[in-house]
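Notes follow the structure.
The values are calculated or read from the model by the stated rules, or taken from the named source; none is laboratory data. Predicted model only: the values in this text are computed from it and were never measured. Glycine also receives a Cβ, built like all others from the backbone with ideal geometry; neighbour counts cover every protein chain displayed.
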Amino acid sequence: MKNKINNKKGGPGGILRLFKLASKAQRYFVSAIILMIAKMGITIVFITFIAGILEYLFLTSDFSSLFSVFTYEFVFFLFTPLIQISLTVFIRKLTFFASSHIRTHLRYALFKQLLELEIGYIENSSTATIVNNSIEGIEALEIFYADFLPQLFYSMLMPLILFVYFLSINVSVAVILVLGFPLIPASIMIVQIRGKSLMKSYWDNYSDVGAKFLDNLQGLNTLKETGMDEIRENELSQEFWKFRNITMKVLQMQLKSILYMDSIAYGLAGIAIVVGISQFNSINIAEPHVISNLIIIILLSVEFFLPLRKLGGFFHAGMNGITASHGIFEILDANPNLKQYPNQIHFDRTLQLNANIQFKNVSFSFKNLNNSTENKPILRKMNFQIKHGESVALIGDSGSGKSTIANLITRFYDIDEGIIEFDGYDISKIPLNYLRKQISYVGASTYIFTGTIKDNLKIVNLDLSDEEIENACDLAGLRMLIKLKGLDYDVGEWGSKLSGGEKQRLGIARAILHRPLIYIFDEATSNIDVESEKKIWESINMIAKGKTTLIISHRLVNIQKAQKILVLKDGQIVEKGNHEELINLDGYYKKGIQEQEIFEKY
Amino acid sequence: MDISKHDVVLDENILQTNSEIHINTKLKILKRLFQMVAPIKKTMFKCVMFGILGHLSSIFILSLSAMMVASLMGYKTFNFIYLGLAVIIFGFLRGILHFKEQYNGHDVAFRLLALIRNKIFHKLRNLAPAKMATKKSGDFVQMIQSDVESIETFFAHTIAPVIIGVVVPIIVVIIVGSYWIFFAVILIIAQLMIGFVLPFFSYNYGKNVGRTYRANLSKINIHTLDSLQGLKDIILYNHGDVILDQINQNSRSIIQNKGKIRKNQNTTMSFAESSLIISTLVIFFIGLYHASNSPNFSIPQLIIVVVTSYSSFGPVFSLIPLGGHLNNTIAAANRIFSLLDEVPSVKDPSKEDLVNIPIKNPGKIELNSINFRYHEGQKELLSNISLNIQTGSKIALIGPSGCGKSTLLRLIMRYWDVDSGKIKMDKVNIRNYSLQNLRSNIAIFSQDTYMFNTTIKENIRIGKYNASDDEIILVAKQANIHNFILSLPNGYDSKVGELGGKISSGEKQRIGMARTLIQKREVILLDEPTSNLDFLNEKVLLKTIYDIFSKKTVLIVSHRPSTIRDSDQVWMLKNKHVMVSTDVY
């Protein structure tokens, strides 16, 4: 039993997780926030100076002595724009740097995680969604880190600093303003909590709409041919409107938090100003510092909440980042990682493998990634051996577990029970990289990367020489193609310029260049036309000579030459032997051969 | 997920939008976007009104407070209670007004977005498949997601702010100008600088950097997709570290692009901030000068003027980023509009030409000296071809690849119209039937079966939307796939997406065959039905075809001798002409 599925520790964590990640660029954020405070300080001084001058002139009406009394102030005014410009640029550079750093880290971590997950994760998810998460999703975090987050901290700190300043001017104004301070983060929190499920359904809907559109688009020809296109269009249209409705709901929720924020900020500012002014009358207005303080109160009480209002401006974009983060964290949290076993064996020149594979009482079942219900077992207490240099064929109906065995030998999945041994070593104790170095796998459809033939082969080893590559291509039956087009032939997106047979041969060339101890051919010709099939099997038989080989095919003619044939049924081996032995046995194998012969003759 | 096989894309020219767009086109695009708002202009009007009132109230909070101070200082006597009350009321109103503005603006935007998304799919549906070649469907997904989303910026964050950014400053300038005309002049210059000049420069500079960024982003998208789809090989051949390196390189290069965009923003931001400071200082100083000279103007008024103008920059500040956004919006809208303007290659007949009767004998098909070429100027693909197909006959069409075999099948379905000559079904030109009527008599089955991301059952039901479960099971049995389906974890209710690589192409083909069978059409067109199948699967499929379609009219295109062996007639298409032969083999 595997208990590693679905232990959703906290689940995709949203904003708090994003905060935690910010610590990776803590220094930059801290410096940026300090500079933001410094910038605010300059604004305060600027306003104070202007208020002071206005008061002085009102009380003295002495315009002529203005420049001599306020020399420092005028010099300061002269430099203010310049200082402000440099501070703005510097702050924005710092936060951008921090956000870039985090985004680079995330993208790296995301792909690393995909490399380490059980292969089932990627085979069962939409690659388009993952690409979207790792590119656009992470880009959407830019505003979150570069603008929203620094602003958030700043708007927490700044009112406290302003509060202290206001205390020195007018206590009652300061007290009224500071009342609003806890109200604002509280309103953000409330919206966060209340909107959690809404955000999740929004985000689900978002990727849903994209996926459904893509699905209908890719199958559009089919839909037109069967006349289902109109029905599907209407369904899709409903999806679009559903998405619109949920978007409006999310938006209303977010806007409401801004509404509370704005009302508190402006309302309290209004009250504070009125309270401040009403403490004076036309007689005591002429006392020193009264007029200047009142001007400061008017201009700064709105500044008091300015950081928060700015935060509101980034809210929309910041929220997009939080939303996008769900998809990212979902991948980072995806659980079916291969287990890390302690006591890994160290291999070197003195200790090398020989390719004797043994399955001992191996049981395996696929885990449903979405819920914890156990699927039916694929392999049940399986025992068999592949000896060094032997070619072994696996046959059986679809679903009998043939390909699963290949995936277990390469350790794309971990088994539930039993042990798989490589020369007597438990494969989970063999370092993964070392294990996979020993195996070449050719499946039913070889994936061709965008690029040249050479690029596609060099994924095995970047240092391969042209000569080595050409030799491998010869063996794989690609001589003609290389002769005609050359190794630098651009194969197009997804190898679109190659035929199915050529793609498979490229896969075989890749397998050869890997120089493994074991070859696995898993339905290597099942998507290929008859003409190419024969030639590819010629190549395979040539390569397999003297090498440990595991061949999986549902077409029995192809495997008759194998030294050992294992017949699988319902996750167990029911017959074992070479072609003649199995024919004599008069069991499943013979029946299969006979059935297929009828078709072959047809 | 295997994207490569089923990707769909339009002719290249439709997606050619990374280049510079001419200014006239840009204006046309903007006009068209405005026209889209027309039906819901009431909501837009509300948005603008609330926006103006909201901004004015935040300015009035301060101006009225300044008036209170001025009045204490002996400048006019205002009613203190009213003024104070007004300040507080404006304070609370501001939040509500802002909410109303934003809500209405987004209401307009998201309604239009749903509408545009709808239009895009509707258009693609009409264009398919004639105007589509096989390639990147990712571009269309990007279109309905990010392109449509960038238009949101226009509807929700451009139209109203621009109007507000004009109206509010005008009101403030009038107020400030009533004290002295020079205050108005300075304020106008500053507001124009921030609200118009800076966005304009950032727009011009942002054009190029934005384009490079997006081009780079889509390059990286492709690289990531490639790496994910080939993940198994990458893991097996220990290529992961190289890919991780490349991913870091990718990140660095988009950060470099983004850095340039950011730099542009930095410059405009800092210029805007200093414009605010400088204009405040200038108004302050000329105010001091005015106060020292004029008997009617003194310090209390100056306080009102300084406070009012200082607090009036909100609306124009929100215009600063628009320059950059507008680039995105126009490029995105251009892509969308070029798609929407595309004309489908075939149309339903006009009322006079329409033959609106059920087709009694659809199996009887005649081709009367037809000619066809894909594009004007290209050489002819089919030339003067005349053929007769009798009801119930099995005809094989062979010939070298690219000779036009598949095209011929699709001309019968009227994906394109022939250039000259006629195709008749049951003695009537197929152009006179409605497309729906014509196509409802024909089923086509080709080498790739597309599996929709739903259950197996629904995938078969694609052939007939109201088919019962029994019907589905029946055709699945006929197509020899019933037992396989039962072996799946959830039988007929297994979801295709969750099966991953568990379905082979042979099994997919058989599900496709079930889908073809359930349509119960009279004319069956088979386009290379076996080319992705290995020997064994080919045989299974052929047996199904000849057993079940024994009474139907079948036209089968193939390059494999084995596939066409049992047909009544073999036609050989070569050099634009057809040779009819009953015994090619």
Would you check if there is a residue in region B:107-116 being touching a Lys or Arg at 6+ places or on another chain (Cβ under 9 Å), of a type in the set (K, R), in the same structural domain as B:A160 (by TED's automatic domain parsing) and farther than 30 Å from B:Y374 by Cα?
-> yes
Scan of region A:255-309 for residues that are farther than 30 Å from B:I277 by Cβ and in contact with a helix residue (DSSP H, G or I) (Cβ under 6 Å, 6 or more places away or on another chain), ordered by number = A:L255, A:S257, A:L259, A:Y260, A:S282
So which residues in region B:307-340 are in a helix (DSSP H, G or I) and among the β-branched types (V, I, T), if there are any at all?
-> B:V307, B:T308, B:V316, B:T329, B:I330, B:I336
Residues of region B:437-482 satisfying the condition of being without any contact (Cβ under 8 Å) to a residue 24 or more places away in the chain and facing another protein chain (nearest Cβ under 9 Å) = B:Y465
Would you be able to tell me the number of residues in region A:161-180 that are buried (at least 22 other Cβ atoms within 10 Å of the Cβ) and modelled with pLDDT under 90?
-> 3
What number of residues within region B:258-293 are more than 7 Å from chain A (Cβ to nearest Cβ), in contact (Cβ under 8 Å) with a residue 60 or more places away in the chain and more than 32 Å from the chain's Cα centre (by Cα)?
-> 11
A:I439 passes all but one of the listed conditions (1) within 14 Å of another protein chain (Cβ to nearest Cβ); (2) of a type outside the set (S, T, Y); (3) out of contact with any Pro (no Cβ under 7 Å at 6 or more places or on another chain); (4) under 22 Å from A:F347 (Cβ atoms); the exception is number (3)
Among the helices (runs of 4 or more DSSP H) lying completely within region A:454-554, list those that include at least 2 residues that are closer than 26 Å to A:I357 by Cβ.
-> A:466-475, A:500-513, A:530-544
Any chance B:G84 is touching a residue at least 60 places away in the same chain (Cβ under 8 Å), surrounded by fewer than 24 Cβ atoms within 10 Å (Cβ to Cβ), at the interface with chain A (Cβ under 7 Å from one of its Cβ atoms) and within 30 Å of A:E55 (Cα to Cα) | no
Is one or more of the residues making up region B:159-168 surrounded by 20 or more Cβ atoms within 10 Å (Cβ to Cβ), assigned to a helix (DSSP H, G or I), of a type outside the set (A, V, I, L, M) and within 14 Å of another protein chain (Cβ to nearest Cβ)?
-> yes
Of A:I193, A:I184, which residue is hydrophobic (A, V, I, L, M, F, W, C), out of contact with any helix residue (DSSP H, G or I) (no Cβ under 7 Å at 6 or more places or on another chain) and in a helix (DSSP H, G or I)?
-> A:I193
Out of curiosity, is A:Y206 part of a helix (DSSP H, G or I) and within 13 Å of chain B (Cβ to nearest Cβ)?
-> yes
Do any strands (runs of 3 or more DSSP E) lying entirely in region B:471-585 carry at least 1 residues that are at pLDDT below 85 and in the same structural domain as B:M425 (by TED's automatic domain parsing), and which ones are they?
-> B:569-574, B:577-581
Residues B:I283, B:I320: which one is within 30 Å of B:S57 (Cα to Cα) and buried (at least 22 other Cβ atoms within 10 Å of the Cβ)?
-> B:I283
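Looking at the structure I just gave you, is B:S393 free of Cβ contacts under 8 Å to residues at least 40 places away in the same chain and over 21 Å from B:V346 (Cβ atoms)?
So B:S393 fails the test.
Residue-wise test of (1) among the small types (G, A, S); (2) closer than 17 Å to B:Q191 by Cα; (3) in contact with a Cys (Cβ under 6 Å, 6 or more places away or on another chain).
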position	(1), (2), (3)
B:Q256	no, no, no
B:G259	yes, no, no
B:K263	no, no, no
B:N266	no, no, no
B:M269	no, yes, no
B:A272	yes, yes, no
B:H290	no, no, no
B:I299	no, no, no
Single residue of region A:417-435 satisfying the filter (under 28 Å from the mean Cα position of the chain (by Cα) and in contact (Cβ under 8 Å) with a residue 12 or more places away in the chain) that is farthest from the other protein chains (Cβ to nearest Cβ) = A:S428
Take region B:421-435 and flag every residue that is in contact (Cβ under 8 Å) with a residue 24 or more places away in the chain and either part of a strand (DSSP E or B) or under 17 Å from A:T222 (Cα atoms) (or both).
-> B:G421, B:K422, B:I423, B:K424, B:M425, B:V428, B:L435
Go through region B:178-246 and tell me which helices (runs of 4 or more DSSP H), entirely inside it, have 2 or more residues that are among the aliphatic types (A, V, I, L, M) and surrounded by fewer than 18 Cβ atoms within 10 Å (Cβ to Cβ).
-> B:181-192, B:198-229
If we scan region A:73-91, do we find a residue that is out of contact with any Gly (no Cβ under 6 Å at 6 or more places or on another chain), hydrophobic (A, V, I, L, M, F, W, C) and within 30 Å of A:N133 (Cβ to Cβ)?
-> yes
Considering only region A:333-354, state which residues are among the hydrophobic types (A, V, I, L, M, F, W, C), surrounded by fewer than 16 Cβ atoms within 10 Å (Cβ to Cβ) and touching a residue at least 24 places away in the same chain (Cβ under 8 Å).
-> A:I345
Starting from residues that are within 21 Å of B:R515 (Cα to Cα) and within 26 Å of the chain's Cα centre (by Cα), keep the ones in region A:214-251 and report whichever is farthest from the other protein chains (Cβ to nearest Cβ).
-> A:N216
Do we find that A:T95 is closer than 18 Å to B:I255 by Cβ, assigned by TED's automatic domain parsing to the domain that holds A:P159 and surrounded by fewer than 22 Cβ atoms within 10 Å (Cβ to Cβ) in this structure?
-> no
Some residue of region A:436-445 being of a type in the set (F, W, Y), surrounded by fewer than 21 Cβ atoms within 10 Å (Cβ to Cβ) and in contact (Cβ under 8 Å) with a residue 12 or more places away in the chain = no
